[in-house]
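Here the structure is laid out as structure tokens; the discussion comes afterwards.
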Amino acid sequence: MGMAAALTGVGAGISALGTLGSASAARQAGQAQQQQYAFKAAQEEQQATQAIAASQRTMFDTQRKTALTQSTLQARAAADGGSATDPGVLSLTDNVAGRGEYLALGDLFAGQDKAAGFRQQAGADRYSGAAAAAGASAQATGTILGGIGSLASRFGSLGGSGGLFG
């Protein structure tokens with residue numbers, strides 16, 4: 001029975017190495033997944049910054065168009081023989097200014113809202129990465145404990161009559 005016990009011991013050792021290898025692979029997979037989510041989150045943060053910058057450019061363009069519209073309105077009023085400071089003309093330019101400001105602020109809000117969505121997604125991705133790493137760690141621990149239980153079971157069954165310890 002000495003040879004059988006030795007082979008059982010060698011088999012148990014190989015099984016233990018396999019268990020540890022599986023646990024290590026699970027942890028590495030979890031870390032890789034966490035890094036993947038962290039990279040995706042960094043991209044989303046960059047997209048958030050770009051969304052705000054793009055909305056600011058759109059806002060400035062809207063403000064420029066508003067100023068141009070006001071200037072054109074006053075120039076046409078003066079060219080038609082009226083006064084550029086006539087109360088009716090001033091009322092129209094005020095309306096154009098108000099509408100232009102409303103549209104410019106809407107442009108800025110749209111970009112900030114889009115950026116907020118990117119930032120929320122980045123936060124969710126960071127959370128998913130942390131959860132993946134924690135899950136892989138728990139899986140690795142479970143694999144190790146399962147291997148220990150399997151080894152204990154094998155050696156325990158050898159403890160009966162004629163076994164390794166009997």
All-but-one check, S157 against (1) at pLDDT 80 or above; (2) surrounded by fewer than 13 Cβ atoms within 10 Å (Cβ to Cβ), failing number (1)
Residues of segment 17-64 classified as within 30 Å of N95 (Cα to Cα) and surrounded by 14 or more Cβ atoms within 10 Å (Cβ to Cβ), total: 9
T85 fails exactly one of the following numbered conditions: (1) hydroxyl-bearing (S, T, Y); (2) modelled with pLDDT under 95; (3) assigned to a helix (DSSP H, G or I). What is the number of that condition? (3)
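The values are calculated or read from the model by the stated rules, or taken from the named source; none is laboratory data. These numbers were taken from a predicted model, which means no experiment stands behind them. For neighbour counting, all protein chains shown are included, and Cβ atoms are generated from backbone atoms with ideal geometry for every residue, glycine included.
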